[in-house]
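**Student:** The structure is given below, and queries will be raised subsequently.
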Amino acid sequence: MSTQRLRNEDYPDYSSADVSPDESPSEGLNNFSSPSSYQRFGESSSTTWFQTLVHLLKGNIGTGLLGLPLAVKNAGILMGPLSLLLIGIVAVHCMGILVKCAHHFCRRLNKPFVDYGETVMYGLESSPVSWLRNHAHWGRHTVDFFLIVTQLGFCCVYFVFLADNFKQVIEAANATTNDCHINETVILTPTMDSRLYMLTFLPFLVLLVCIRNLRVLSIFSLLANVTMLVSLVMIYQFIVQRIPDPSRLPLVAPWKTYPLFFGTAIFAFEGIGMVLPLENKMKDPRRFPVILYVGMAIVTALYISLGCLGYLQFGANIQGSITLNLPNCWLYQSVKLLYSIGIFFTYGLQFYVPAEIIVPFFVSRVPEHWELVVDLAIRTMLVCLTCVLAILIPRLDLVISLVGSVSSSALALIIPPLLEITTYYSEGISPLAIAKDALISILGFVGFVVGTYEALYELIQPSNAPIFINSTSASA
């Protein structure tokens, strides 16, 4: 989530444009090539170590977290947490590689800051292969591409999440009570297809993305953070009660579902895009590695605990988002609504990054009096695109796994190890480090191919129909 993702509204990494909250898209792009657009370490908008830690934590909590119980089911109650731990360690290691390579080029080129795309471009320029040096600019374009795919993929996930949760709340409204411990299955009153709910949200999200100022969006971000935090606490409060006997759950799931686990897990751990901007804004960036490892250790523990407890609590009935398994009482129905409100406003923040890359490309090619019209038109078309893609893939678990396998694996696992090899090869890098980096990239690529294939295959020929039972208790 991510990213949630570039899942941090205060410290987005545009990878190709350094845009401050007060700048318009075209202003940010015009300042991109100017030396003054770089911010020196610890001088502008400096944050303390605690603020950086908080931003790192909230940047990794989103819809990916809520999908981890189903991911654990796809791997097994033993294999799931072990794999989450391993993927977490590798993902954090790749974040450290990116930071190390960025520092290397800052010192070598006398630059105060380089982003992800620039780091990859400079890494290719340092490659011993002449073809890579001549085409180094494609490194930045590749990062931009996967960044756009990832962020718009997050937006597709949000459409499905909003539709599923609102649909369930509305259909269960007549049977919703004040008793959260009733041991019975609630019969839902059919309303309309979830795709129609997505179309209902479309005009409201179009209006939201028309807000082009990041500072204004950060106001909505505060509301989103509060609602999602309260919801998460309530979810934990429920799943730790009366945990069933885990012996009924398989230790290792069938291998065919493991690629779906990989896609969901890497979707949740894809927060590499916000690492460099967070470090750049610190008062003392030398402390960032410690904050990174401590913060991601907390995130990994949160992921493993929610994934395991959620699967233990709901077993085979676990759905694409654990919120869909919460009881049909008003307390937990409000949790679904609160988290959905947070996700709604987060859509605008996730959309901001690809908009800052795509919109200026078209705006710069039209007369000045058409700039605003073209700007809003492109934003509207991009939102409609995410809505159409969500309608085509209305299963939340498959959308998360597909986005994670296609784009998140590239940004988080495949590119950083290759970047380390190209950066340090001419300066001397140990064969062990090369072997390690090659292994990580190969595993990431295998996960990319197999995870994408399995998600698409499950979409075309589903082996199991999605579960629509709403468990009202552990034994329901």
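The values are calculated or read from the model by the stated rules, or taken from the named source; none is laboratory data. All of these numbers come straight from a predicted model, not from anything done at the bench. Using ideal geometry, Cβ is built from the backbone for each residue, glycine included, and neighbour counts are taken over all protein chains shown. Just the protein is used for accessible areas: all its heavy atoms, side chains included, with ligands, DNA and RNA removed. Shrake-Rupley method; radii C 1.70, N 1.55, O 1.52, S 1.80 Å.
**Student:** Would you please calculate the Kirkwood hydrodynamic radius of region 245-342 over all C-alpha pairs and express it in Å, rounded to one decimal?
**Tutor:** When all Cα pairs of region 245-342 are included, the Kirkwood radius is 16.6 Å.
**Student:** Whole-Hz Karplus ³J(HN,Hα) for region 118-131, in order, using 6.51 cos²θ - 1.76 cosθ + 1.60 and θ = phi - 60°, x for Gly and Pro?
**Tutor:** Result, ordered by residue: 5, 4, 5, 4, 5, x, 5, 5, 8, 5, x, 8, 5, 4 Hz.
**Student:** Further question: What would the Debye formula give as log10 I(q)/I(0) at q = 0.07 Å⁻¹ for the alpha-carbon point model of region 49-459, no solvent?
**Tutor:** So the normalised log intensities are -0.34.
**Student:** Give me the extension gain from residue 293 to residue 82: residue separation times 0.36 nm, minus the current Cα-Cα distance, reported in nm with one decimal.
**Tutor:** Fully extending the segment from residue 293 to residue 82 adds 74.1 nm.
**Student:** For labels at residue 100 and residue 223 in the simple 7 Å Cα→Cβ model, what's the distance in nm?
**Tutor:** 4.4
**Student:** Can you list the residues, at least 5 places off or on another chain, whose amide H is less than 5 Å from the amide H of residue 282, using H built in the peptide plane?
**Tutor:** Close amide H contacts, sequence-distant or interchain: 42, 47.
**Student:** Using the Karplus curve 6.51 cos²θ - 1.76 cosθ + 1.60 with θ = phi - 60°, what ³J(HN,Hα) values do you get for each residue of region 230-239, in whole Hz, with x for Gly and Pro?
**Tutor:** Coupling constants for region 230-239: 4, 4, 5, 4, 5, 5, 4, 4, 7, 6 Hz.
**Student:** Here's a follow-up. Starting from the Cα of residue 373, step 7 Å along the direction of its Cβ; do the same at residue 429; then give the gap between the two resulting points in nm.
**Tutor:** That separation, rounded to one decimal, is 5.0 nm.
**Student:** Let me check I have the definition right: for region 198-284, take the eigenvalues of the Cα gyration tensor, multiply each by 5, take square roots. What are those semi-axes in whole Å, largest first?
**Tutor:** Taking √(5λ) for each eigenvalue gives 34, 21, 19 Å, largest first.
**Student:** Before I look further, what does region 49-459 give for accessible area per residue, probe 1.4 Å, in whole square angstrom? Don't skip to the answer; put the middle values down first.
**Tutor:** On the way: 16350 Å² over 411 residues.
For region 49-459, the per-residue accessible area is 40 Å².
**Student:** Among all the lysines, which ones have a C-alpha under 24 Å from residue 256's C-alpha, if same-chain residues fewer than 8 places away are not counted?
**Tutor:** The reachable lysines, counting only those whose Cα sits under 24 Å from residue 256, are 73.
**Student:** Let me ask something additional. To the nearest Å, what is the center-to-center distance of region 205-250 and region 366-410, using C-alpha atoms only?
**Tutor:** 22
**Student:** What's the carbon and sulfur percent of region 49-459's accessible surface, probe 1.4 angstrom, rounded to a whole number?
**Tutor:** 73
**Student:** Simple spin-label model, 7 Å along Cα-to-Cβ: residue 242 to residue 461 in nm?
**Tutor:** 4.2
**Student:** Please list 3J(HN,Hα) in residue order for region 60-76, calculated via the Karplus relation 6.51 cos²θ - 1.76 cosθ + 1.60 where θ = phi - 60°; whole Hz, with x for glycine and proline.
**Tutor:** Along region 60-76, the couplings run 10, 10, x, 5, x, 4, 6, x, 5, x, 5, 4, 4, 4, 6, 10, x Hz.
**Student:** Just how far, in whole angstrom, is region 306-331 from region 79-122 if you go by their alpha carbon centroids?
**Tutor:** For region 79-122 versus region 306-331, the Cα centre distance is 34 Å.
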